[in-house]
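Chemist: The structure under discussion is supplied below as structure tokens; questions concerning it will follow.
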Amino acid sequence: MKNIVITGANRGIGLALTTLFQQQGDNVYALCRTSSEALNALKVNIITGVDVVSPKGMSVIKDELKGVTIDILICNAGILRDEQLGNINSDTIREQFEVNALAPLLIAEALYQQIPAQGKVVMITSRMGSITDNTSGGRYGYRMSKAALNAAAVSLTNDLTPHEIAVGIFHPGYVQTDMVNHSGDISANECGQRLVTLINQLSMKDSGVFRHSNGAILPW
């Protein structure tokens, strides 16, 4: 049985991951701002009050997980806003940078010393952070923040290699969640199953590889 820490665990992909790891027999710490009925129904350790961009939220994470050996840390919490050329909103861009890029790095910084050799850090990112793959423009804050997360994840890969901690950088796919008004092409459960397979298979030899949840390697 492994100890799994998941942020943004009250709904969508985070809830699916929490459910699947719990069903796998793992001990899950489900982090979120507020819980949900679906999360409450699971036999997991629910930690609320986790606003990933606030000092108070970071304190909750450190206090509630103090002394816990973390086998897998999954930074899943994220937000999507929509800026288009001619309607650039610097506030929403900053908001996405803080939630999507800075918070996962700070969480990894706070917890990596509790992850043993052969442990794993997983960043749920997006192919929208790929510069090569950007053929449609727009979504400035989301694209920029996910590109920044990818850069941070590669640095973490290099810095955690001596500790024998593998880093997964995973695009979930176009998933039917609240973030996209449930207009995706795969369900959160299917996405979760794909991601759990990738996470279980993740090892040092493929640490730092940018992958689609279907297993394909994505361009930077």
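Chemist: What are the pairs, 6+ residues apart or on separate chains, where a residue within segment 17-46 that is touching a residue at least 12 places away in the same chain (Cβ under 8 Å) and surrounded by 20 or more Cβ atoms within 10 Å (Cβ to Cβ) has its Cβ under 7 Å from a residue that is among the charged types (D, E, K, R) and assigned to a loop (DSSP other than H, G, I, E, B)?
Modeler: Taking only residues 6 or more apart or on different chains, not a single pair turns up.
Chemist: Report the residue count in segment 1-23 for those that are part of a loop (DSSP other than H, G, I, E, B), farther than 25 Å from A101 by Cβ and at pLDDT 95 or above. Explain how you work it out, then say what you get.
Modeler: Initial filter on segment 1-23 (part of a loop (DSSP other than H, G, I, E, B)): 1-2, 8-11.
So of that shortlist, the ones also farther than 25 Å from A101 by Cβ come out as 1-2.
Going one step further and asking which of them are at pLDDT 95 or above, we end up with 2.
The qualifying residues number 1.
Chemist: May I pose another question? Any chance segment 90-97 includes a residue that's closer than 19 Å to G141 by Cα, of a type outside the set (D, E, K, R), part of a helix (DSSP H, G or I) and without any contact (Cβ under 8 Å) to a residue 40 or more places away in the chain?
Modeler: Residues of segment 90-97 closer than 19 Å to G141 by Cα: 90-97.
Still in the running and of a type outside the set (D, E, K, R): 90, 92-93, 96-97.
After this cut, where a residue has to be part of a helix (DSSP H, G or I) as well, the list is 90, 92-93, 96-97.
Pick out the ones that are also without any contact (Cβ under 8 Å) to a residue 40 or more places away in the chain and you get 90.
Yes, some residue in segment 90-97 is closer than 19 Å to G141 by Cα, of a type outside the set (D, E, K, R), part of a helix (DSSP H, G or I) and without any contact (Cβ under 8 Å) to a residue 40 or more places away in the chain.
Chemist: When only residues in segment 66-88 that are over 23 Å from F21 (Cα atoms) and free of Cβ contacts under 8 Å to residues at least 12 places away in the same chain count, which is surrounded by the fewest Cβ atoms within 10 Å (Cβ to Cβ)?
Modeler: G86
Chemist: For segment 66-74, state whether one or more residues are over 16 Å from the mean Cα position of the chain (by Cα), at pLDDT below 95 and of a type in the set (K, R). Before the answer, list the steps.
Modeler: Taking segment 66-74 first, the residues over 16 Å from the mean Cα position of the chain (by Cα) are 66-69.
This time we only want the ones that are at pLDDT below 95, so: none.
No, segment 66-74 has no match at all.
Chemist: Name the residue that is nearest to the chain's Cα centre (by Cα), counting only residues in segment 124-142 that are crowded, with 22+ Cβ neighbours inside 10 Å and either outside any loop (DSSP other than H, G, I, E, B) or without any contact (Cβ under 8 Å) to a residue 40 or more places away in the chain (or both). If you could, list the steps in order and put the result at the bottom.
Modeler: Step one: filter segment 124-142 for residues crowded, with 22+ Cβ neighbours inside 10 Å, giving 124-126, 129, 141-142.
Imposing the further condition that a residue be either outside any loop (DSSP other than H, G, I, E, B) or without any contact (Cβ under 8 Å) to a residue 40 or more places away in the chain (or both) reduces the set to 124, 129, 141-142.
On the way: I124: 3, G129: 14, G141: 17, Y142: 14 Å.
Taking the candidates together, the pick is I124.
Chemist: May I ask you to say which residue of K43, K120 is under 27 Å from Q201 (Cα atoms) and at pLDDT below 95?
Modeler: Details: K120 fails: at pLDDT below 95.
Matching residue, one of K43, K120: K43.
The values are calculated or read from the model by the stated rules, or taken from the named source; none is laboratory data. If you're wondering where the values come from, they're calculated on a predicted model, not measured in any experiment. Neighbour counts are summed over all protein chains in view; Cβ atoms, including those assigned to glycine, are modelled from backbone coordinates with ideal geometry.
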